[in-house]
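The values are calculated or read from the model by the stated rules, or taken from the named source; none is laboratory data. From a predicted model like this one, the values you see are computed outputs, not experimental measurements. Positions of Cβ are backbone-derived with ideal geometry, glycine not excepted, and every protein chain shown enters the neighbour counts. The protein model used for the area step is the full one, side chains on, heavy atoms only, and it has no ligands, DNA or RNA in it. Shrake-Rupley method; radii C 1.70, N 1.55, O 1.52, S 1.80 Å.
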Amino acid sequence: MFAQIAEHRPYGGVVPEIAARSHLDHLDSLIARALAEAELDFDDIDGVATTAGPGLIGGVFVGVMTGKAIAAARRLPFLAINHLEGHALTVRLTGEVEFPYLLLLVSGGHCQLVMVEGIGRYRRLGTTIDDAVGECFDKAAKMLGLDYPGGPALERAAQGGDPARFDLPRPMLGRDTLDFSFSGLKTAVRHRIVDIGADKLTADPQIERDLAASFQAAVADVLADRCARALGVFQARCGRPGPLVVAGGVAANQTLRARLSDVATQHGTELIAPPPALCTDNAAMIAWAGVERLRLGLRDPLDFAPRPRWPLDEISA
Ligand code: KG4
Ligand code: ZN
């Protein structure tokens, strides 16, 4: 594994040009290392799966060109994978999970509830009307002066914090919709920090812990409320209660996993979550989506164009 985090840290977020350049610099040697560690060479490979979108297009382009080059040179099938499909199918890599299932996809760019009916068959039930939940974690962490990336830093900061100390809003809680909103929560955190004052915040680490814990509790309440509602919809459509699957970077959060697990139990089903290391972006989930597609005989043409925007429900199989 190679992480670009240190290259982006001075800027407090991902810089597209740095990401694309870093992909170019490291991809070839990473592929060689991955093959060496797996004790495989190109002759052992059945197909090449590459993330083809959605996202920052520079890095995606470098990956797609590399994948196509390997596929063309080795005469292997090429699979253009939607990044979100990788998240959606990860639980089938780590366990035996049958279709259909209800998916809560929570990452830096997305917050969606999706019915996963099969490979390439995704029905979106709800989405965020403003910020993604991971983005909200990252912004809250930045306001608290925490390290980048913000989600894991905020989770650490919340340890030993009192989640009831700060009364933060739960946007859209209890409303008859499956959509989400997080911008109000983000703004409320900013106002709290201004009210407390930067000096007091730095002088008393307990305030930071309590604010981080209160923020996490608000996010967990909102997500739990939406999932409860969506499980009702799922039951009505599919005739069984679940399961509920959570995926994407924010799914690594233990407070969230515990809350969602309770919601699932209350609805007579279970929560299935990938191990935390496979919640945040990783190549294994893309390879796995490739395996699933290859098994169905699917493949993509070598002129497949990378897609900066590519909603999950516009994938086909
Ligand atoms: O899926 P992912 O790795 O990349 C995208 O597709 O966006 O998700 C990254 C997001 C970031 O916003 C990051 O702060 C958040 O997931 N994240 C977490 C945790 N680990 C990663 N948020 C809360 N708690 C965590 N432990
Ligand atoms: Zn992701």
Hey, any idea what the orientation-averaged projected area of the convex hull of the range 25-114's Cα atoms comes to, in nm²? 7.2
Net charge near Val291, counting Lys/Arg +1 and Asp/Glu -1 over other residues with Cβ under 15 Å of its Cβ? -2
Compute the signed sum of charges (Lys and Arg +1, Asp and Glu -1) over the other residues within less than 13 Å, Cβ to Cβ, of Ser214. -1
Please report the projected area of the chain's Cα convex hull averaged over all directions, in nm². 16.6
If I compute solvent accessible area with a 1.4 Å probe over the protein chains, what percent of it on the chain is carbon and sulfur? 53
Which sequence of Trp288, Trp310 reflects their accessible areas, 1.4 Å probe, from the largest down? Trp288, Trp310
Under 22 Å between alpha carbons, and skipping anything fewer than 8 positions from Lys139 in its own chain: which lysines qualify? Lys186, Lys200
In square nanometres, what is the average projected area of the Cα convex hull of the range 243-317? 6.6
Gyration tensor verdict on the range 58-157 (Cα atoms; rounded if a/c is under 1.5, prolate if a/b is larger than b/c, oblate otherwise): oblate
Counting only protein heavy atoms and leaving out ligands, DNA and RNA, the solvent-accessible surface of Arg123 at a 1.4 Å probe, in Å² to the nearest 10, equals 120
So, R0 is 35 Å and r is the distance between the beta-carbons of Arg74 and Asp281; what FRET efficiency does that work out to, to 0.05? 0.85
Estimated FRET transfer efficiency (His191, Thr265; beta-carbon r; R0 41 Å; 0.05): 0.70
Ile286, Ile129, ranked by accessible area, largest first (probe 1.4 Å): Ile129, Ile286
For Ala203 and Asp130, what is the calculated FRET efficiency with R₀ set at 45 Å and r taken between the beta-carbons, to the nearest 0.05? 0.85
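What accessible area per residue, rounded to a whole number of Å², is obtained for the chain using a probe radius of 1.4 Å?
47
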Using a 10 Å cut-off on Cβ atoms, rank the peptides 86-93, 302-309, 35-42, 262-269 from the highest mean neighbour count down. 86-93, 262-269, 302-309, 35-42
Equivalent-ellipsoid semi-axes of the range 98-277, from the Cα gyration tensor, Å, largest first: 31, 15, 14
Write down the percent of antiparallel bridges among all DSSP beta bridges whose residues are both part of the range 98-277, to the nearest 5. 65
From most to least accessible, 1.4 Å probe, no ligand or DNA/RNA atoms counted, Glu270, Glu96 line up as Glu96, Glu270
Rounded to the nearest whole Å³, what is the per residue volume of the convex hull around the Cα atoms of the range 186-268? 103
